[in-house]
Structures are given as C-alpha cells and as structure tokens.
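Engineer: Here it is, the structure in full.
The values are calculated or read from the model by the stated rules, or taken from the named source; none is laboratory data. Given the structure is predicted, the values throughout are model-derived calculations rather than measurements. Here the Cβ is made from the backbone with ideal geometry for all residues, glycine too, and neighbour counts use every protein chain on show. Ligands, DNA and RNA are stripped out before the accessible areas are found, and what is left, the full protein with its side chains, is counted by its heavy atoms. Shrake-Rupley method; radii C 1.70, N 1.55, O 1.52, S 1.80 Å.
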Amino acid sequence: YLTAYVTFVLLQAKEKGYKVNNRVLQKAISYLKGYVRNPKKDGYSYILETFSFINYLFALNGDTNKSLTRLLINNRKKLSMRAKALLVLSIAKNENLQYYKRNRFTKEIMDYFKNRMEITTRKVSFKEETSGVFLRAYYSEGAALGLILKTFIKLDKNNPVIPNIIKYIISSKSHSY
C-alpha cells in the first residue's frame, strides 16, 4: 500500500508538471504489476481494496489492466465505498467517460452511492454497509467521502448534492476531513 501511495504522489506530481524521475515511477509501477500477479497472502477484502487503488494508478499511468478491472467489477459488491469510487474513476479514465450513465458499471455504482446517501439539513454523508473490514487497508471515512465527491464532480457534475457534500466536509468538526 505504501508503494501505491508513493506511486500516486509521483503520478499526481507528473500530471501537475513537476519533474519526476521516470525510472523510479516505472519501477514502482512494475512492482505493483508484480503484486497484482502474485499478491501476498492476506485477507481477500484487503487485497481487493489494494487492487482497486492499484487499478486506479494503472489508469492514471495510461496502462489499462482489463483483467484487473474485470476482477474488481466481478467483486464490486465486496468492495468498500472507497474502492468502488476508485473502480468508477479507473473505468472513467480508461474509457474517457464524461458521464456515468454511459457505462453500465459506473451507472450501477453511482446509483449505489446515491442510494447510500444520508441527507439532512446539515450534512450529506454515505453509509458504508460493512464497517471495520477495510481498516487494514488504511480506510477512512474522509478518503471514501473525498473519492465519492471526486466521482460526482467527474461524472455527474451537475448533481445538486455536490455543494452540500463540500459544505459538510468544510464545516465538519467531528471528523478530520
């Protein structure tokens, strides 16, 4: 997971125009490809969480891994909301999607997010079906909420709930979003 986070930082820096040692980036990508081929023995939910992040990194790097995406799609009901959001973002990047309804899996997952939404006058949040299972994969509500927000901004930019999610994140004092 640490290699995945470092790779994410390198890819973001490269996208923003910063000089990145391409050799280091490619070694990290190569390491992650090896992990996908032969993951360490660990809990399956942890591996799926890690795979969803790695799949997103591959998409950001322009390196589509169709079999990994297919594995995640086939196991989408076992993924946390954060991992589902990463899967949606991977598919969107790989297929150059601008709207979630143009792919049946992105539509299904985005509809899932909408159905899991809890809206009050003061907050918009999303309720995870299973709690605690994903904690070993450095899961946090803030990361999940941020990625869900990113999927809405990328694939459903006119959704009126986006400003409310942002207001909730900014005003929330009980969470460290």
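Engineer: Is it true that K14 is free of Cβ contacts under 8 Å to residues at least 24 places away in the same chain and over 20 Å from K93 (Cα atoms)?
Structural biologist: No, not satisfied.
Engineer: Out of Y44, Y56, I need the residue that is under 22 Å from M81 (Cβ atoms) and modelled with pLDDT under 95. Which one? If you could, list the steps in order and put the result at the bottom.
Structural biologist: Numbers: Y56 fails: modelled with pLDDT under 95.
Checking each option against the conditions leaves just Y44.
Engineer: If you scan the stretch 10-28, which residues turn out to be exposed (fewer than 15 other Cβ atoms within 10 Å of the Cβ) and within 24 Å of A85 (Cα to Cα)? So that I can check it myself, show each step before the final result.
Structural biologist: First pass over the stretch 10-28, keeping only residues exposed (fewer than 15 other Cβ atoms within 10 Å of the Cβ): 12-13, 15-19, 21-24, 26-27.
Within the stretch 10-28, Q12, A13, E15, K16 meet the criteria.
Engineer: Might you let me know whether the stretch 81-90 holds any residue that is more than 26 Å from N158 (Cβ to Cβ) and either over 16 Å from the mean Cα position of the chain (by Cα) or surrounded by 19 or more Cβ atoms within 10 Å (Cβ to Cβ) (or both)?
Structural biologist: Checking the stretch 81-90: not a single residue is more than 26 Å from N158 (Cβ to Cβ) and either over 16 Å from the mean Cα position of the chain (by Cα) or surrounded by 19 or more Cβ atoms within 10 Å (Cβ to Cβ) (or both).
Engineer: A further question on this structure: So, in the stretch 52-71, how many residues would count as being hydrophobic (A, V, I, L, M, F, W, C) and either outside any helix (DSSP H, G or I) or open to solvent by 10 Å² or more (accessible area, probe 1.4 Å) (or both)?
Structural biologist: Matching residues across the stretch 52-71 total 3.
Engineer: While we're on this one: List every residue pair whose Cβ atoms sit under 8 Å apart, with the two residues 6 or more apart in sequence or on different chains, where the first one lies in the stretch 99-127 and is within 12 Å of N164 (Cα to Cα) and without any contact (Cβ under 8 Å) to a residue 24 or more places away in the chain and the second, anywhere, is outside any helix (DSSP H, G or I) and open to solvent by 70 Å² or more (accessible area, probe 1.4 Å).
Structural biologist: E118/K127
Engineer: Could you tell me which residue of the stretch 57-87 is nearest to E15 (Cα to Cα), considering only residues that are touching a residue at least 40 places away in the same chain (Cβ under 8 Å) and among the hydrophobic types (A, V, I, L, M, F, W, C)?
Structural biologist: Among those residues, the one meeting the criterion is L60.
Engineer: Among the residues of the stretch 72-98, which ones are among the hydrophobic types (A, V, I, L, M, F, W, C) and assigned to a helix (DSSP H, G or I)?
Structural biologist: Selection gives L72, I73, M81, A83, A85, L86, L87, V88, L89, I91, A92.
Engineer: Any residue that is within 15 Å of the chain's Cα centre (by Cα), surrounded by 16 or more Cβ atoms within 10 Å (Cβ to Cβ) and either modelled with pLDDT under 90 or within 24 Å of A13 (Cβ to Cβ) (or both) - is there at least one of those in the stretch 93-113?
Structural biologist: Within the stretch 93-113, one or more residues are within 15 Å of the chain's Cα centre (by Cα), surrounded by 16 or more Cβ atoms within 10 Å (Cβ to Cβ) and either modelled with pLDDT under 90 or within 24 Å of A13 (Cβ to Cβ) (or both).
Engineer: Given the conditions (1) over 16 Å from A144 (Cα atoms); (2) free of Cβ contacts under 8 Å to residues at least 24 places away in the same chain; (3) open to solvent by 70 Å² or more (accessible area, probe 1.4 Å), which single one is not true for Y31?
Structural biologist: Result: Y31 passes all but (2).
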